[in-house]
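Below: the structure, in C-alpha cells.
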Amino acid sequence: MINATEYVLSERPFVVRRRVRWGDCDPAGVVYTGRFTDYLLGAVGLYTAHMAGGDGRLGEVHGVGTPCKAMRFEFIGTLWPDDVIDITCTVEAIRTRSFDIRCVARRPDGAPVFDAMFSPICVRLDRREGTPIPDAMREVLKRFLAPALKPPEAP
C-alpha cells in the first residue's frame, strides 16, 4: 500500500492517508482547490464504511440515504505533487436529521493543511424527504462522537 493514493492509516483515531497526484495540480504544481473536496469525500466515504462495519454505506445499512446537506472548508496550507496528508475523521455533532463529520488534514509532521466539515442529512429512500436519524444509526454515531478537536493553527 505504500504507493496507494488513499488508504486507512489507523482506525482509532480514524485516519486516512492521502498522497497528492500530479493530476491533482495546476501547471504551477499546486493542488487545485476543487481537489480538496475529493480528498474530503474520499475520507468521509472510508470513515462511514468503517462505521457501517465495512459492509456498505452507513445510511444504506440503516435504510436511509445520506446526501450532503452542507460542507465547510478552512484552507490552511498548500499541497504539491507527492505530498502526503493524514486526515483525521470524527463525528462532531448529531442532530435530529443530520450530523457532522469533521475532517482535519495535517502533514505527517503535524503541519495543518485543512479543517473541513461534511454534514449529511438523512432522507427516506422512497420519497427523498428528510427523516430522523434511525435509532440504530444514532447509536453507531454516538460511539464515534469525539471530544472537539483543537483547531489547527495557521503556520
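No lab work stands behind these numbers, since they all come straight from the coordinates. Predicted model only: the values in this text are computed from it and were never measured. Ideal geometry is used to build each Cβ from the backbone, glycine not excepted, and the neighbour counts take in all protein chains shown.
Structure above, values below:
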item	result
For Leu141, Leu58, order by how many other beta-carbon atoms lie within 10 Å, fewest first	Leu141, Leu58
Amide H contacts under 5 Å for Glu92, placed H, 5+ residues apart	Asp100, Ile101, Arg102
Prolate/oblate/rounded label for the stretch 19-76 (Cα gyration tensor, a/c 1.5)	prolate
The stretch 6-144, relative contact order in percent, only Cα pairs under 8 angstrom and at least six apart counted	25 percent
Radius ratio Rg over Rh of the chain, counting only Cα atoms, Kirkwood formula for Rh	0.99
Under 5 Å, built H, 5+ apart or other chain: amide partners of Ile76	Phe114, Asp115
Amide N of the stretch 68-105 lying under 16 Å from the label point, which is placed 7 angstrom from the Cα of Glu60 along Cα→Cβ	68
Simple Cβ-charge dipole of the chain, Lys/Arg +1 and Asp/Glu -1, about Cα centre, in debye nearest 20	420 debye
Helix-derived mean residue ellipticity, 222 nm - over the chain, DSSP H n ≥ 4, -39500 (n - 2.57), to 500	-6000 deg cm²/dmol
Cleavage-rule hits (GluC sites (Glu not before Pro)) in the stretch 67-134: DSSP loop, at most 16 neighbouring Cβ within 10 angstrom	Glu129
Dipole of the chain, positive direction: furthest Cα of Thr66, Val20, Ser10, with charges on the beta-carbon	Thr66
